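One structure is given here, and the rest of the page talks about it.
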Amino acid sequence: MTNHKLDQAAMAKARQRWDGIAKPLTSLGLLEDYLVQIAGITGSSQIAIGKKAVAIFCSDNGIVEEGVTQTGQEVTAVVTENFSRGDSCVCIMARQAGAWVFPVDIGVNGRLSGYGEFQEGKDRMICLEDDGERADPRPILYPIWNQKLARGTRNFTKEPAMDRAMAVRALETGIRLAGQLKERGYGILATGEMGIGNTTTSSAVIAALMQVQPELVTGRGAGLSLEGLKRKCEVIRTGLMKWKPDPSDGIDVLSKVGGLDLAGLAGVFIGGRKYRLPVVADGLISLAAALAAERICPGTREFILASHMPAEPAGAVVLEELGLKPLIHGKLCLGEGTGAVALFPLLDMAASVYHEMSTFSQIQVEEYHHFSD
């Protein structure tokens, strides 16, 4: 892959613009930093966020067999179809933020209604089918992109979650998605996921990549009891001890204890770097994928924006490892891309100030100065 770097000249121009605006220096804090970073990613200080998208990778996880979740695997398919009909938190938030939702079936255990694809020559999705298996009367708003590689992963306490070739295919799916969205004029992409059991796979991936004990990076997910949490940690430990994933090899880790959704998301982050498309990380699961992407393609983290501080215990640990600073501290823990989408309106407001506010010279007031002491 081309060794892409942030465009330092564009970043310097963006910082100069911020410093020239008639307000106290750096008074919009991280919002200023985010726009400077976007300038570096896109290679232009004429920042235009433009069309927004949230890609939600949906997949099942064989590790659910081990009793690490409150709900059954069938919930993954139900929620994925809810995305297609716009009936989920992230869909409602995305509409408010002016973003389009792209549900991606990369490994849901079952055939879904409402698969769709980009209509040739047009910037929209079309629904290819709605087989009515669930007799759902709601219309399809966001057709599901069918990229299914398998009907979920395997139980990693018994065998590796997937083989290396499948992990690579999932990565390639995410990279391809980022490229296709960039080609269609999207200026920023949020990451989301859905898959019962994926807080277990995420914690396993983080524990493997950072070489820490599962207890340090494992939370209760969607509300496990204390006993359930202990069980979850033990399941992760069993998988790590059995397959000994290589912490220097992100693909090895993803294939042995990860998930198809995680691998697809890791590909999106790598694709963001390749195609110079800003990608906003959501919560812990997206951050686990981002950490894997950084190990696979060092430097990818510079092209990632962190949306919020996850409520899960590993959130702060992974953000520090990646050197990312989240803007939102709201104890968010839903997933789906909700935290990432919540950042969009804040970026829009910052961009409006960046482009529209008068400079010190325009209002004939002496500029503020930076001091090193």
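Being at pLDDT 95 or above and closer than 16 Å to Leu209 by Cα narrows it down to one of Glu294, Glu356, so name that one. Only one candidate passes the filter, namely Glu294. When the range 86-131 is limited to residues that are among the basic types (Lys, Arg) and at pLDDT below 95, the one that is farthest from Leu343 (Cα to Cα) turns out to be Arg111. Once the range 220-229 is narrowed to residues that are farther than 20 Å from Ala316 by Cβ and without any contact (Cβ under 8 Å) to a residue 12 or more places away in the chain, the residue that is surrounded by the most Cβ atoms within 10 Å (Cβ to Cβ) is Ser225.
Of all residues in the range 10-27, which are farther than 13 Å from His369 by Cα and either β-branched (Val, Ile, Thr) or touching a strand residue (DSSP E or B) at 6+ places or on another chain (Cβ under 9 Å) (or both)? Scanning the range 10-27 gives a single hit, Arg17. Testing Val36 on (1) in contact with an Asp or Glu (Cβ under 9 Å, 6 or more places away or on another chain); (2) assigned to a helix (DSSP H, G or I); (3) crowded, with 21+ Cβ neighbours inside 10 Å, one condition comes back false. Which one is that? Looking at each condition in turn, Val36 falls short on (1).
The condition of being closer than 17 Å to Leu189 by Cβ, touching a residue at least 24 places away in the same chain (Cβ under 8 Å) and polar (S, T, N, Q) holds for only one of Gln70, Gln37, that being Gln37.
Exactly one residue out of Lys52, Lys23 is under 17 Å from the mean Cα position of the chain (by Cα), within 30 Å of Ser358 (Cβ to Cβ) and among the basic types (Lys, Arg): that is Lys52. Flag not set for Ile63, criterion: hydrophobic (A, V, I, L, M, F, W, C) and farther than 23 Å from Leu229 by Cβ. Within this structure, Gly62 passes the test of being touching a Lys or Arg at 6+ places or on another chain (Cβ under 7 Å), crowded, with 22+ Cβ neighbours inside 10 Å, touching a residue at least 60 places away in the same chain (Cβ under 8 Å) and small (Gly, Ala, Ser). Scan Lys232, Lys182, Lys242 and give me the residue that is buried (at least 24 other Cβ atoms within 10 Å of the Cβ), out of contact with any Cys (no Cβ under 8 Å at 6 or more places or on another chain), among the charged types (D, E, K, R) and part of a helix (DSSP H, G or I). That would be Lys232, the only listed residue that is buried (at least 24 other Cβ atoms within 10 Å of the Cβ), out of contact with any Cys (no Cβ under 8 Å at 6 or more places or on another chain), among the charged types (D, E, K, R) and part of a helix (DSSP H, G or I). In summary, Arg273 fulfils each of the numbered conditions (1) touching a Ser or Thr at 6+ places or on another chain (Cβ under 8 Å); (2) among the basic types (Lys, Arg); (3) surrounded by fewer than 23 Cβ atoms within 10 Å (Cβ to Cβ) with the single exception of condition (3). All conditions in (1) within 27 Å of Phe303 (Cβ to Cβ); (2) in contact with a Pro (Cβ under 9 Å, 6 or more places away or on another chain) hold for Tyr186, with the sole exception of (2). In this structure, Phe83 does not qualify as modelled with pLDDT under 95 and not β-branched (Val, Ile, Thr). Mind listing just one residue for me: the one in the range 152-172 that is surrounded by fewer than 24 Cβ atoms within 10 Å (Cβ to Cβ) and of a type in the set (Val, Ile, Thr) and, of those, farthest from Asn82 (Cα to Cα)? It comes out as Thr157. If you go through the range 41-92 and keep only what is within 30 Å of Glu234 (Cα to Cα), among the β-branched types (Val, Ile, Thr) and part of a helix (DSSP H, G or I), you end up with Ile63, Val64, Val75, Thr76, Val78, Val79, Thr80. Under the condition of being at pLDDT 95 or above, part of a helix (DSSP H, G or I) and crowded, with 22+ Cβ neighbours inside 10 Å, the residues counted in the range 297-343 number 9. With within 28 Å of Arg276 (Cβ to Cβ), at pLDDT 95 or above and buried (at least 24 other Cβ atoms within 10 Å of the Cβ) as the only criterion, which of Leu189, Leu149 stands out? Being within 28 Å of Arg276 (Cβ to Cβ), at pLDDT 95 or above and buried (at least 24 other Cβ atoms within 10 Å of the Cβ) holds for just one of Leu189, Leu149, which is Leu189.
Of the residues making up the range 192-219, those that are surrounded by fewer than 22 Cβ atoms within 10 Å (Cβ to Cβ) and part of a loop (DSSP other than H, G, I, E, B) are Gln211, Val212, Gln213, Gly219.
I'm trying to understand the selection: among the residues of the range 284-343, which are of a type in the set (A, V, I, L, M) and free of Cβ contacts under 8 Å to residues at least 12 places away in the same chain? Ala316 - this is the single residue of the range 284-343 that is of a type in the set (A, V, I, L, M) and free of Cβ contacts under 8 Å to residues at least 12 places away in the same chain.
The values are calculated or read from the model by the stated rules, or taken from the named source; none is laboratory data. All values reported here derive from a predicted model rather than from experimental measurement. With ideal geometry, Cβ positions are generated from the backbone for all residues, glycine too; neighbour counts draw on all protein chains shown.
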